[in-house]
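Data block below; observations after.
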Amino acid sequence: MQSVSYNFCRIILMVLSPIYLCSGCYLSELPKPEDVKQKIEHSEKDIVYRAVALLSVGVKGYGLDDQLSDIINKYPLEQYFTEDERLYIFDETYNHEYPVAPLFYEYKWRTESACMLFWAIGYFDELKLDNPAVPCEILSALKTLENSDDSFENSTMRSLSEIINMINLYKGYELSTRSVRVAGDEGCADLSLVHPAIVYWRYLALKWLLGMDD
């Protein structure tokens, strides 16, 4: 019964969220296959290593320093960090004993981007990302690394139609939570169904994947 109730609420949210938006939100055109096909410029290798880099940033945000060391030592990630991520990872002034709260709060959510890229590359089941209110299980993401070889030769990119369906789904979620995230207006969305930070970072990964954002 709970599963039926949840699925019903999820369907209602998907249908109504683009309509009942707060004044700061707007509905932009969703991508079509012919529009995004030429925008997938990242190789499978780049996608999967970017996912690992994002995961390592999230791991530090969660204070899992031992796992962070293992990832950094195992994978050649230097070129896959953004400038701010590189500073966050390697600058010793950023550590969990003396945390800069906003930084740690922000960077831990990059685990959500990592999990979305793992999904796109075929390492994560869709059910792990089905609920936009529940964070991706970081231990599951770490287990993915343990069970894969260093070269990720078994990665298989999901079809373009699957990726577009996912980005359209998260576009609706993002629109329904934008005023919460930007203006702090919690009346714009039911936070028991969607979490603004989870939605934002998953959607950002999809935009990067399809070349919609740098």
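The numbers here are math on the coordinates, done by the rules we state, and not lab data. All of these numbers come straight from a predicted model, not from anything done at the bench. We place every Cβ from the backbone using ideal geometry, glycine too, and count neighbours over all the protein chains shown.
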Sorted by Cβ density within 10 Å, fewest first, the residues T82, T93:
T93, T82
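Give the order of F81, F118 when sorted by the count of other beta carbons within 10 angstrom, beginning with the fewest.
On the way: F81 18, F118 28.
The most exposed by this proxy come first: F81, F118.
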Packing-wise, with mean Cβ within 10 Å as the measure, how do 72-79, 49-56 rank, highest first?
49-56, 72-79
Which of C115, C136 has the fewest other C-beta atoms within 10 Å, and how do the rest follow up to the most?
C136, C115
So between N165 and E106, what do we pick up on full extension, going 0.36 nm a residue minus the alpha carbon distance?
18.6 nm
